[in-house]
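What follows is calculated from the coordinates using simple rules that are stated; it is not laboratory data. On a predicted model such as this, the values are computed, not experimentally measured, just so you know. Note that each Cβ is placed from the backbone with ideal geometry, even for glycine, and that neighbours are counted across all protein chains shown.
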Amino acid sequence: MALIAYREALNQALREEMRRDPDVFLMGEEVGAYQGAYKISQGLLEEFGEWRVRDVPIAELGFTGLGVGAAMVGLRPVIEFMTWSFALLAIDGIVNAAAKMRYMSGGQFKIPITFRGPSGAANQLAATHSQALEAWYAHVPGLKVVAPATARDAKGLLKTAIRDDDPVVFLEGEILYATKDEVPEDDEFLLPLGVAEVKRPGKDVTVVAHSRPLHTALRAAETLEREDGISVEVIDPRTLRPMDVDSILDSVRRTNRCVIVEEGWPVCGIGAQIVDDIQREAFDFLDAPIARVTGADAPQPYARNLEQLAFPQAEYVVRAVRQVCYRG
Amino acid sequence: MRRYHAFDPPEYVDWSPDPETMLEFSRAIERDPERARRIADLTAQRRLEIYAGLLRFRLHDIALKRWVRQGVISKAWLGTGEEATTIGPVHALERGGPNGDVVGPMIRNAGACHEMGMPVADMLRGYLATEDSPNRGRDLHVGGRRYGIVTPISMVGALAAVIAGYGLGFRKLGTKRLALTWVGDGATKAGEVHEAFNLAATQRLPVIFIIQNNQVALGTRLEEHHAADGFAELGRLYGATGAPFDGNNVLDAYAATHWAAEICRAGEGPVFLAAETFRMSGHATHDEKEARELFSEEEFASWGRRDPIGCYGAWLVNGRLNLETGAQCEPGAATGVNSAALEEVEARVTEEVESAAAEALAGRARMPRPESAVEGVYGTWPESGRQEKDRF
Ligand SMILES: Cc1ncc(C[n+]2csc(CCOP(=O)(O)OP(=O)(O)O)c2C)c(N)n1
Ligand SMILES: [Mg+2]
């Protein structure tokens, strides 16, 4: 174990997988000579050379297609988007080429590709650069969607994503890059896709949160414990598609109350899907309507005070938990 | 002109006109008689306004750099060294506010805003995100409809298509207005840009695309992302008119755009102008060091000698026009008066930008109301539609 930053954990995952399998290569804007816009690929060009760490022009749609083609040849591309907001320009390649090729070809082609990059609001990058669009990708059959909240999960899940034979959308928390965590140094440290983790055990309320809001939820849980004596169980699905619904249901059946937190917009969000799963399968266990805490239903504002308000704050989570407990 | 040791690129600090570079500057504006004529037509006053525009841009950037140093803002995107590619073209447009020409500035073209009429204080308020900023703190790129400035979209390439749409609108409405945007060398690689170019060309839209080749896209040198030979041929390849200009020569930039505007107003657009220039700073204030490592000392030195403001100033001082009387004179016969005229402009613009910065900063505490975060997303919203409430 070593205490390392989320950024470093991703770098290790890439490095280890590239060492292990010569078919793995990284491609994206500024990934090579510049060492990554967010320095995730630090040192990789030096170690692996320019054919395995490919700098490409500002052509998101084009290099997504290139990645799909290379995957069809048998390689294992890792495509970096400078941010997931720029992947909006590549969405046709992700949704139509990557996600559907296996199905459309009757299984003749597999597309072992990983799309990765920073997602969500960072510091005042405003409307077009701060989006949390995981619900869009989770909507698409053919994509697997991963959104780790900690350095440990980031490493274990990225390694698994790269080895996976299907397209994986891997959303890193831009604001989490500097956060640290104990991470195994083992080359074979792999975390399975589709498995949630209870990040804090509790008995009164289940709070479901992924990526940055996980940390918000954990802070809220401490406050609730201290101020209200409410014991909050915090569970991180980590993978949004496939979603480990059983683990969430299991928790809700024990706590009988649930709050779902996400940074994305409320309408048709990840939480909406989870609500649906819970009400169909654990309706009789619920003691209160499920509450959701989401990003504000507006483009992400630039002003710092508005930006703060627009994404889930610990106090919103505290309020929602009290509400489902009929307190306060 | 005053240099700023703490903020200027090192090449600018002890800048003085290099004879060979100045010769090149003069040749660039005399090469094409069409352009030379347009430049000759510029009155002393307009020449000084162009000078003021260049300075305003440089000083606006320095004000931002100062704020970054002081921790007022975390980061700024600058146009240092590339001012002429923005200022020359804007001065060639019809700047009539809501009924004039329209520009779509990208990150290197902030100077277009003030030259289209937006007060520098408003531009700076944009960065501070205060309630009184032109976009009410919603985004860090500012536009101003009443000045004919499209609010930038930060995805590079998106504005090229939107500006082509302005051209379509202007044409359909039967106006003589035109729209202009700058497309970075890096942005030319975005698919949307190609679509925009072709759509403008096939529909003969009144649009000027300026390819702003500053030899770099973020941390990628031109030759890494562009295999062809420059951008001068672009217009022809799309079946439209095109021409290069010297991006560090504000007069060449002005004259080329003036010519292009005529073509557009005659219904013969679009026009593709290819500007060669150089980014003297980082992509933004956070990566100055990386940017200095991307190019050799010689490259910086050579482009440094071509400081667009220094060169233009030197040309004006030694030129054939007495800037005070507006009368023709022998080259170099009015250096004294001309220097004085430039100093006067500089003093005025320096004071303008300094007070703009002070004014913007004074309103720093006036942040947007919390509820405004979710306001203004739509023009109308039916009563029957649910709305998020209780957030604040
Ligand atoms: C579609 C898209 N991809 C990536 C980015 C991130 N980005 C911002 S500016 C920039 C470089 C642009 O280079 P260029 O067009 O040459 O303009 P310059 O910065 O040199 O003025 C990049 C990659 C973006 N804004 N939009
Ligand atoms: Mg460029």
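A few remarks follow.
- The mean sequence separation of alpha-carbon pairs under 8 Å and at least six residues apart, normalised by the residue count of chain A, gives a relative contact order of 16 percent.
- Each peptide in B:304-312, B:108-116 gets a packing score, the mean of other Cβ atoms within 10 Å over its residues, and the list from highest to lowest is B:108-116, B:304-312.
- With contacts taken as Cα pairs under 8 Å at a separation of at least 6 residues, chain B carries a relative contact order of 22 percent.
- Within the same chain, aspartates and glutamates fewer than 8 places from A:LYS203 are excluded, and of the rest, those with a Cα less than 15 Å from its Cα are A:GLU222, A:GLU225, A:ASP228, A:GLU233, A:ASP250, A:ASP287.
- Residue (of A:CYS268, B:PHE25, A:GLY28) at the positive-pole extreme of the protein assembly as shown, dipole from beta-carbon charges: A:CYS268
- Ranked by the mean number of other Cβ atoms within 10 Å of their residues, highest first, the peptides A:208-221, B:48-61 come out as A:208-221, B:48-61.
- Between the range B:185-251 and the range A:49-63, the Cα center-to-center distance that results, in Å: 21
- Overall form of chain A: prolate. Here a/c, set by the Cα gyration tensor axes a ≥ b ≥ c, is 1.5 or more, and a/b is the larger of a/b and b/c.
- Gyration tensor (alpha-carbon) shape descriptor, the range B:15-363, a/c threshold 1.5: rounded
- Rounded Å value of the spacing that divides the Cα centres of the range A:1-30 and the range B:300-335: 55
- Cβ-derived FRET efficiency at R0 41 Å, A:GLN42 paired with B:ARG27, nearest 0.05: 0.35
- Among beta bridges from DSSP that stay inside chain B, the antiparallel ones total about 15%.
- Rounded to 5, percent antiparallel among DSSP beta bridges of the range A:2-183: 15
- Packing order of peptides A:152-164, A:247-259, highest average first: A:152-164, A:247-259 (average count of other Cβ atoms within 10 Å over each peptide's residues).
- Beta bridges per DSSP, both residues in the protein assembly as shown: antiparallel share near 20 percent.
- Cβ neighbours within 10 Å from other chains - mean over B:363-374: 4
- Under a model in which nothing but the beta-carbon of Lys, Arg (+1) and Asp, Glu (-1) is charged, the range A:197-324 shows a dipole of about 220 debye around its Cα centre.
- Backbone geometry of the range A:47-63 corresponds, through the Karplus equation with coefficients 6.51, -1.76 and 1.60 at θ = phi - 60°, to 3J(HN,Hα) couplings of 6, 10, x, 6, 7, 10, 10, 9, 7, 10, x, 6, 8, 4, 5, x, 6 Hz, x marking Gly and Pro.
- Assigned charges on the beta-carbon of Lys, Arg, Asp, Glu; the protein assembly as shown dipole about Cα centre (debye): 1600
- Close amide-amide hydrogen proximity is noted between A:ARG292 and A:ILE260, each under 5 Å apart and 5 or more residues distant or on a separate chain (H modeled in the peptide plane; Pro and chain starts excluded).
- Note on B:182-190: average number of Cβ atoms from other chains within 10 Å of each residue's Cβ is 3.
- Euclidean distance of C-alpha centroids, the range B:1-54 and the range A:202-274, integer Å: 62
- Residue mean of other protein chain beta carbons inside 10 Å, A:87-97: 1
- 25 Å Cα-Cα threshold exceeded, pairs from A:LYS155/B:LYS75; A:LYS39/A:LYS180; A:LYS159/B:LYS189; A:LYS159/B:LYS289; A:LYS39/B:LYS75: A:LYS155/B:LYS75; A:LYS159/B:LYS189; A:LYS159/B:LYS289
- Most mobile of A:ASP244, A:ASP276, A:ASP55 in a GNM of chain A (Cα contacts under 10 Å): A:ASP276
- Each distinct pair of alpha carbons in the protein assembly as shown adds a 1/r term; the inverse of their mean, the Kirkwood radius, is 27.5 Å.
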